[in-house]
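Peer 1: Mind looking over this structure? Questions follow.
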Amino acid sequence: MDRGRRAARLAGAPRTDPRDRPPFRLFRRRYARARGYGVSEADLLLRLDRVACVRGDRLVFEGVSLALARGGALWLRGPNGAGKSSLIRLAAGLLRAAAGTVERRERIALIDEGAALDPELPLRRALDFWARIDTIDGPRVTEAMGAMGLAPLAEVPVAMLSTGQRKRAAMARVIASGAPIWLLDEPANGMDEAAKERLVAAIAKHRGNGGAVLLASHFALDIAELAELDMGALA
């Protein structure tokens, strides 16, 4: 191939919308579907239909579909870089899908790498701040703190909490929110076994009350009737 033809081939088409499948090298992901649990339209809370995610020049995944109904839970598993967090953020509306659609039929509550709590405030006041935004009452915050074993830490500034304690605090915020859809990105990081048991119990109670959970984690949690989507296997 002469230099002129080679240069033209490497130049490719203009790089505009990611959905136009740009010609530079992408790390492709095969189509994957998590079918849920016999999901009916009446019970459906969250649906992703053939979504794709592009970060910079990298296609993280494409053609991923899932449906999450009341009482359902889906575990996104896989190594770092597999796209677990990106899929959670797509579901939350924090990232725009490069292709496909995201349908949320109820409110969401999200845990990601940050606790989303004011580090300067005592824990209880930091949670109360979110309670006012979510228009929920104080007793619900108290109940959520109790569920995650945080009552003794109510007056401790958020900045002084350990990693595991901050994760428990973030989980208490999610519980107190009353949102039917929980999007949990590595919620058990830094937690000891007792805290993980509290997390699993909170998830079970939420599902029993008609909520649904989309969970991203490097490791398994002892959650009953948990569907799985292996993001690492989509490479």
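Peer 1: Scan segment 125-136 for residues that are open to solvent by less than 90 Å² (accessible area, probe 1.4 Å) and either more than 13 Å from ALA170 (Cα to Cα) or among the aliphatic types (A, V, I, L, M) (or both) and jot them down.
Peer 2: ALA126, LEU127, ALA131, ASP134, ILE136
Peer 1: Among the residues of segment 76-99, is any closer than 29 Å to ASP57 by Cα, assigned to a helix (DSSP H, G or I), open to solvent by 40 Å² or more (accessible area, probe 1.4 Å) and in contact with a strand residue (DSSP E or B) (Cβ under 7 Å, 6 or more places away or on another chain)?
Peer 2: Scanning segment 76-99 turns up at least one residue that is closer than 29 Å to ASP57 by Cα, assigned to a helix (DSSP H, G or I), open to solvent by 40 Å² or more (accessible area, probe 1.4 Å) and in contact with a strand residue (DSSP E or B) (Cβ under 7 Å, 6 or more places away or on another chain).
Peer 1: Criterion first (at pLDDT 95 or above, surrounded by fewer than 21 Cβ atoms within 10 Å (Cβ to Cβ) and farther than 27 Å from LYS205 by Cα) does ASP49 satisfy it?
Peer 2: When the stated conditions are applied, ASP49 passes them.
Peer 1: Considering only residues that are over 19 Å from GLY211 (Cα atoms) and assigned to a strand (DSSP E or B), look in segment 100-116 and name the one that is most open to solvent (accessible area, probe 1.4 Å).
Peer 2: Checked segment 100-116; the qualifying residue most open to solvent (accessible area, probe 1.4 Å) is THR101.
Peer 1: Considering only segment 112-122, state which residues are of a type outside the set (Gly, Ala, Ser) and within 23 Å of the chain's Cα centre (by Cα).
Peer 2: ASP112, GLU113, LEU117, ASP118, PRO119
Peer 1: Can you confirm whether segment 121-129 contains a residue that is farther than 23 Å from ASP192 by Cβ and of a type in the set (A, V, I, L, M)?
Peer 2: yes
The values are calculated or read from the model by the stated rules, or taken from the named source; none is laboratory data. As the structure is a computational prediction, the values presented were derived from the model and not from experiment. Glycine gets a Cβ as well: all are built from the backbone with ideal geometry, and neighbour counts include every protein chain shown. SASA here: full protein model, heavy atoms, side chains in, ligands and nucleic acids out. Shrake-Rupley method; radii C 1.70, N 1.55, O 1.52, S 1.80 Å.
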